[in-house]
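Structure, as structure tokens:
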Amino acid sequence: QLQASGGGLVQAGASLRLSCAASGRTFGTRAMGWFRQAPGKEREFVATLWLSGGNLYYADSVKGRFTLSRSNAMNTVYLQMNSLKPEDTAVYYCAAGRTIILSQIRAHNSYNYWGPGTLVTVSS
């Protein structure tokens with residue numbers, strides 16, 4: 001089970017930190033990450049942590065502004081979002097993959113588990 005939190009309404013240029021806590025059976029998880037979906041748009045990849053090795057992957061649109069990290073207990077991932085822009089406005093979803101393969105980390109249908117989403121609104 002995944003539970004996301006941290007969304008809200010901010011002005012452009014501000015920062016937010018999203019959290020995603022995993023509970024229950026987490027053994028075997030290969031990747032944890034974030035997607036987002038703006039109104040009328042497809043769900044898009046934001047960032048993922050490949051747990052074996054700790055490699056991080058970002059969408060070009062957030063690279064340099066967003067940072068994905070995980071807790072020492074390794075059951076929570078954080079998405080630090082800086083320099084937010086109005087185009088970052090979306091519902092952000094936490095996702096985890098157990099059967100996912102590395103070449104498919106940007107595909108939302110590669111992930112097995114999803115959190116309920118948290119709304120981020122950035123005003124201009």
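The values are calculated or read from the model by the stated rules, or taken from the named source; none is laboratory data. Bear in mind that the values here come from a model prediction, so they are computed numbers and not experimental data. Reconstructed Cβ throughout: ideal geometry from the backbone, glycine too, with neighbour counts over all protein chains shown.
Per-residue answers, yes or no, for (1) over 16 Å from the mean Cα position of the chain (by Cα); (2) of a type in the set (Asp, Glu):
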site: 24; (1), (2): yes, no
site: 32; (1), (2): no, no
site: 59; (1), (2): no, no
site: 75; (1), (2): no, no
site: 82; (1), (2): no, no
site: 88; (1), (2): no, yes
site: 94; (1), (2): no, no
site: 97; (1), (2): no, no
site: 105; (1), (2): no, no
Contacts under 9 angstrom Cβ, first residue in region 52-72 being among the basic types (Lys, Arg), partner loosely packed, with under 15 Cβ neighbours inside 10 Å, 6 or more apart: 65/82; 65/83; 65/85; 70/54
For residue 53, are the conditions met, namely being modelled with pLDDT of 95 or more, surrounded by fewer than 16 Cβ atoms within 10 Å (Cβ to Cβ) and at positive phi? no
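Table: residues versus (1) at pLDDT 95 or above; (2) more than 27 Å from residue 14 (Cβ to Cβ); (3) polar (S, T, N, Q); (4) not in a strand (DSSP E or B).
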{"residue": "27", "(1), (2), (3), (4)": "no, yes, no, yes"}
{"residue": "35", "(1), (2), (3), (4)": "yes, no, no, no"}
{"residue": "41", "(1), (2), (3), (4)": "yes, no, no, yes"}
{"residue": "45", "(1), (2), (3), (4)": "yes, no, no, no"}
What about residue 14, is it of a type in the set (A, V, I, L, M), in a loop (DSSP other than H, G, I, E, B) and over 19 Å from residue 109 (Cα atoms)? yes
Residue match in region 77-91 (condition: surrounded by 14 or more Cβ atoms within 10 Å (Cβ to Cβ) and over 30 Å from residue 13 (Cβ atoms)): no
Subset of region 81-91, residues over 18 Å from residue 2 (Cα atoms) and not in a helix (DSSP H, G or I), comes to 81, 82, 83, 84, 85, 89, 90
